Amino acid sequence: MPTTFIALSCIFAMMSFLPSLRVSHWTFRFFDFVRLQVVVIQLLLFVVNFYFMKDWGAYGLYAQLFLGVAMLFQAYIIAPYFPLNLLIARKKQGAHPVTMISTNVLQKNKDYHLLIAMVKKHQPDILLTMESNQRWEDALSVLEQEYSYCYKIPKENRYGMHFYTKLPVKHLKEHYFISEDRPAIHVQLQDQGGRDFSFWGIHPPPPSPTEKPTSAQKDAELMMIAKQIRELETPCLVAGDFNNVCWSRSSRLFSEISTLNDARIKNGFHNTFPATVPIFRFPLDLLFNSKEIAIEAMKVMPSIGSDHFPLFAKFSIQQQQTEEAAPLEKELEHTADEIIKKGEQALDEEGGEEDGD
């Protein structure tokens with residue numbers, strides 16, 4: 001029994017540190033996604049161990065110490081996402097708030113009516129769908145009379161994307177970064193007060209045993225998008241299925257290079273995936289905003305039959321003028337370029353079109 005608990009303590013303690021290794025294979029990246037679940041198990045082990053460790057000797061003490069350090073490290077990683085703003089901060093109220101729903105609909109999902117009813121009820125100014133194919137496009141056509149602008153990229157590879165908005169659109173560009181199979185969109189919009197802002201919708205590929213074996217392509221796409229955003233002269237919002245948790249190294253690099261804020265910091269975890277397995281949920285559909293944009297509300301919406309929950313946000317443009325970003329530090333630029341290079345190499349090694357998550 002002591003040997004079993006010591007082994008379990010060491011194994012679960014190691015899970016805290018595996019994502020910190022610069023290894024992109026999904027077997028290492030997986031433990032970034034389940035940090036919340038792992039820390040709960042670690043805490044239970046830590047408490048239970050006290051009842052048995054009197055007769056364990058030095059090895060038991062070392063295992064318990066290792067487990068304690070691992071939990072402190074986990075706390076350091078996830079603590080910034082606890083909803084402190086609900087207790088200590090009052091949200092800024094903009095004169096012309098904008099609402100958005102971003103959702104991965106799950107291509108094979110046929111519960112179109114659930115999303116349609118949600119949109120009709122909440123009337124978001126922006127609707128972004130991912131994994132939407134021709135069937136989804138046809139089903140959502142009933143919404144087009146309510147939206148002055150629609151942009152459609154139906155695909156059957158689970159990387160389709162559709163964009164609907166009631167706001168004035170000045171420009172939209174469809175991007176393909178690492179692969180021609182996976183689109184991203186960049187839209188120049190105006191709020192109802194005439195203030196310009198940029199909106200990005202993205203859906204990079206996930207690392208998993210059934211899809212991409214590494215996170216290299218995903219990380220590369222995020223770095224390429226971040227570098228483009230850094231050069232923008234308007235306030236910016238990025239939403240989508242990142243196939244990435246907000247506390248991962250690549251998410252933090254994305255934030256640093258793009259100069260955008262992670263909207264979840266101090267605002268809660270808002271776990272969106274997987275909808276079908278509550279105990280394993282984590283934040284996969286992310287939201288980043290420039291400092292000129294205030295996030296006034298953010299919440300996970302009810303199920304639409306997908307494996308993701310939709311993400312709702314209400315935000316406002318606090319000021320139109322943006323500060324020019326300082327030149328990217330050479331070390332940071334080198335890091336981003338190396339990640340991009342590895343992503344391009346991975347495309348050749350891992351193949352292009354595959355199912356997305």
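Only the coordinates and a few stated rules stand behind these numbers; no lab work does. Here the structure is a predicted model, which is why all the values come from computation and not from measurement. When we count neighbours, we look across all protein chains shown, and the Cβ atoms used for this are built from the backbone with ideal geometry, even at glycine.
When the charge dipole of the chain is built from unit charges on Cβ atoms (+1 for Lys and Arg, -1 for Asp and Glu) and taken about the Cα centre, the candidate among Ile339, Gln123, Leu143 whose Cα reaches farthest toward its positive end is Gln123.
Helix-only mean residue ellipticity at 222 nm, the chain, DSSP H runs n ≥ 4 weighted -39,500 (n - 2.57), per residue, nearest 500. What is it?
Working: 10 runs with 128 residues, N = 357.
Rounded to the nearest 500, it is -11500 deg cm²/dmol.
Summing Lys and Arg as +1 and Asp and Glu as -1 over all other residues whose Cβ lies under 13 Å from the Cβ of Glu146 gives a net charge of +1. For the chain, the longest principal axis of the C-alpha atoms and the axis of helix 330-350 are separated by about 90°. Between Phe50, Phe273, Phe242, the GNM of the chain built on Cα springs shorter than 10 angstrom shows Phe50 fluctuating the most.
Return the FRET efficiency for the residue pair Gln37, Ala297: r is the Cβ-Cβ distance, R0 is 35 Å, and the value is rounded to the nearest 0.05.
Numbers: r = 27 Å, r/R0 = 0.77.
Efficiency, from the Cβ-Cβ distance: 0.85.
Charge tally for Asn133 (other residues, Cβ to Cβ under 11 Å; Lys, Arg +1; Asp, Glu -1): +1. Note: relative contact order over the chain, using C-alpha pairs below 8 Å and six or more positions apart, is 19 percent. Across Glu146, Glu233, Glu331, mean-square fluctuation computed from a Gaussian network of the chain (C-alpha pairs under 10 Å connected) peaks at Glu331.
Within the same chain, aspartates and glutamates fewer than 8 places from Lys330 are excluded, and of the rest, those with a Cα less than 18 Å from its Cα are Glu231, Glu256, Glu338.
With the biggest extent put first, the Cα atoms of the range 51-154 measure 72, 39, 22 Å across the principal axes. May I ask for the angle, rounded to the nearest 10°, between helix 35-49 and the longest principal axis of the chain, with both axes built from Cα atoms and the value confined to 0 to 90°? Between helix and principal axis, roughly 20 degrees. For the range 211-265, the spherically averaged projection of the C-alpha convex hull amounts to 3.9 nm². Hey, what angle do you get for helix 58-78 against the long axis of the chain, alpha-carbon based, 0 to 90 degrees rounded to 10? Approximately 10 degrees, to the nearest 10.
Among the listed pairs Lys218/Lys342; Lys166/Lys314; Lys155/Lys341; Lys108/Lys152; Lys170/Lys218; Lys120/Lys166, a Cα-Cα separation exceeding 20 Å is found for Lys155/Lys341; Lys170/Lys218.
Compute the Rg to Rh ratio over the range 246-295 from the alpha carbon atoms, using the Kirkwood formula for Rh, and round to two decimal places. Could the numbers behind the result be given before it?
Details: Rg = 12.0 Å, Rh = 11.7 Å.
Here Rg/Rh amounts to 1.02.
Each residue of the range 240-252 was assigned a 3J(HN,Hα) from its phi angle through the Karplus expression (A = 6.51, B = -1.76, C = 1.60, θ = phi - 60°), giving x, 7, 6, 6, 7, 8, 5, 8, 5, 4, 5, 5, 5 Hz with x at Gly and Pro. P(r) tail for the range 149-239: Cα pairs beyond 22 Å make up 32% of the total.
Semi-axes of the equivalent ellipsoid for the range 97-200, computed as √(5λ) from the eigenvalues of its C-alpha gyration tensor and ordered from largest down, come to 21, 19, 10 Å. Among Thr99, Thr335, Thr165, the largest mean-square fluctuation in a Gaussian network model of the chain, built with springs joining Cα atoms closer than 10 Å, belongs to Thr335. Summing charges over all other residues whose Cβ lies under 13 Å from the Cβ of Ser16, with Lys and Arg as +1 and Asp and Glu as -1, gives 0.
Per residue, the convex hull spanned by the Cα atoms of the chain measures out at 147 cubic angstrom.
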